[in-house]
Amino acid sequence: MIRRELWFGLSFMALIVIGAGSVLASAETITNGHLGLLMLSLVVVAIMLGFPTAFTLMGMGMIFTWLAYDRDWHRTLDLMVQSAFKTMANDVLIAVPLFVFMGYLVERANLIESLFKSLHLALARLPGALAVATLVTCTIFATATGIVGAVVTLMGLLALPAMLRGGYSVPLAAGAITAGGCLGILIPPSVLLIVYGATAGVSVVQLYAGAFFPGLMLASLYVLYVILIAWLKPQWAPPLSQAERVVPLPPLSQRLADSPAAHALVGLLKGRRNADVPFSHVLKQLGIVAMPGVIFLLLAVFSYKAVTTVEAQARYDIEEIGAVRSAAPSAGGLQEPPSEGGLQEPPREDSLQEPPGEEQAPAPAASAAPLAEPPEAAPGITETNEAAATERPAPTWWWVTFAIFGAMVTLFYLFLSFARLEIFKMLLASFFPLVLLIMSVLGSIVLGLATPTEAAAMGALGGMLLAAAYRRLNLTVLKESVFLTAKTSAMVCWLFVGSAIFSAAFALLGGQALVEEWVLGMNLTKVEFLILSQVIIFLLGWPLEWTEIIVIFMPIFIPLLDNFGVDPLFFGLLVALNLQTAFLSPPVAMAAFYLKGVSPPHVTLNQIFLGMLPFMGIQVLAIVLLYMWPQIGLWLPQLLYK
């Protein structure tokens, strides 16, 4: 396999070199723009040879800037310093180390093990339950961390042995782990979206709101594929045995239940079976059972008021100044200006009139009127409260959302056995705390309660509190999290500095203008441009990682969007979906190598690659769906920020 990868890399580099050479050879005169294209080609080749990306970008940028400035080192160094300072002064980038720190805290605290076990039991009746639980766990954990390598590695240690023991097909198990682990690239709080937003000048808040539903759509498509495969080919994903579905009941619950399948609500309402079961235990269990219904009712009531109530605003009927009122105002107080002179009725024409002169000044007697308690209704202005309690009907999306939630709560109570109650308690201890942390961080950003940087700081604090609540927070965990955060953040920051220098050199040489002229000369439509750009990004995802594609090629694509009427926010969502190929596309699929490093010896790279291919097809389908129905990604930003 190593030889195939080597031949692939050499062939790809040869194509780049041949393509750049043919462009230079066909040009009548070699301009600075052609030097910019040569620089771009050399950067890609150098990165594929293994040179550090950030320092390759900086080195190439400085060398070609020096050539563009006619060997003037002073101007070259000035450009480098200005580009680096402009990048590091970007406040949005502060969120990167904070989100990374939150992710490493959650990862190092080892919260994923209990989460996977509880989801595994909760989804036991679904076809392919282990693979579905793996995808759901990866989705939640990727949302909490956003670190692809960490999620794939941990799930490879935890879920892969369980699936192999259950008789799962190796390609299906490997594909579920690698595809689920890569969801952190797209689902907020994604570091990729922060990097894209800083590169393209797009609001990170709107990117987070826009990426939420496409991320859920992609995860749902993965789950549907696994369920369908397990249903059509049960030998690839055998159902769990009855012994694996057994949930042991605690001693007190055993005294209340005839069997684990007995209905929990009925058994608890009957009360204690004997004096050995404390009444406090029954009340505690009833409180846990009532929790979903209470939360549903509270959310329904408060959200209904929020979506139907219009903010109360006092309305005033302004009468013409000087008009005669039916009821004279009380003596004293603020008096009505005289009908002659003073403030006059505005002219009916739209043009501005000359202000009144001194001869139009109000009489001293009027201005000298004593101030007293204001009258019940000021002359000229009548207050009405007709709009103070205005309500509007609830939107359709609210009814649909709470109809779905209501059906889920109803099913929860209909089929709530004592065994399922224990599973629900396991989810309360593992699933819901992580979801609460994620939703509080994302909700504060999307609803405008906090900036991404502030929300990231609160998320880091929440990660520490969560690790402390699980009794996993110690000096070792904290030290490892800080070290890995510093390492990852330094890599991202140096990439930005290198990208800024490279982009400045590319623009200085005229490479951007040359690319723009070439693309516009093809007379592409909007659809053709989007297809061409996504195909190029898809192909670049084979040899390059997403960080390199964002910092090198997005500054080339972004200026072209205005010419084709493409929204940078929508383009960013397409790119985020597409860039998962950087980890899923053979033969340079980093997720495959992460998984191979922790998998048993009999699991080969070919099997992992084979399992990844169907999920790559699903990813392409998700891109097509997002393009056909852009509202999947644009509905929430338009709803919140229109």
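Key figures for this structure:
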read-out	value
³J(HN,Hα), Karplus 6.51/-1.76/1.60, whole Hz, each residue of the range 508-521, x for Gly, Pro	5, 6, x, x, 4, 5, 5, 5, 4, 5, 5, 5, 5, x
Inter-label distance for His281 and Lys86, nm, one decimal - labels placed 7 Å from Cα along Cα-to-Cβ	6.9
Ranking of Tyr470, Tyr196 by count of other Cβ atoms within 10 Å, fewest first	Tyr470, Tyr196
Fully extended contour minus Cα-Cα distance, from Ala468 to Ser440, at 0.36 nm per residue	8.3 nm
Selection from Ala592, Gln534, Asn523, by position along the positive dipole direction of the range 498-642 (Cβ)	Ala592
Inter-site label distance for Leu269 and Val301 at 7 Å from Cα along Cβ, in nm	2.1
Residue order, fewest to most beta carbons within 10 Å, for Leu610, Leu436	Leu436, Leu610
Net charge dipole size for the range 77-154 [Lys, Arg +1 and Asp, Glu -1 on Cβ; Debye, nearest 20]	300
In range of the label at Met291: residues from the range 394-416 whose backbone nitrogen is under 15 Å from the point 7 Å along Cα→Cβ	413
Residue exposure sequence - Ser503, Ser303 - by fewest surrounding Cβ within 10 Å	Ser303, Ser503
Cα-centre dipole for the range 60-121 with unit charges at Cβ (Lys and Arg positive, Asp and Glu negative), debye to 20	120
Potential extension, Ala429-Thr308 segment - 0.36 nm per residue separation minus Cα distance	40.1 nm
Estimated FRET transfer efficiency when R0 is 60 angstrom, pair Phe405-Asn32 (beta carbons, to 0.05)	0.50
Residues whose placed amide H lies under 5 Å from that of Ser417, excluding near-sequence neighbours	Ala264
Computed log₁₀ I(q)/I(0) - Debye formula, equal Cα scatterers, no solvent, the range 487-555, q 0.14, 0.18, 0.21, 0.27 Å⁻¹	-0.54, -0.83, -1.02, -1.18
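Throughout, read-outs are computed from the coordinates displayed, never taken from laboratory work. Since the model is a prediction, treat every value here as computed from it, not as a measurement. Using ideal geometry, Cβ is built from the backbone for each residue, glycine included, and neighbour counts are taken over all protein chains shown.
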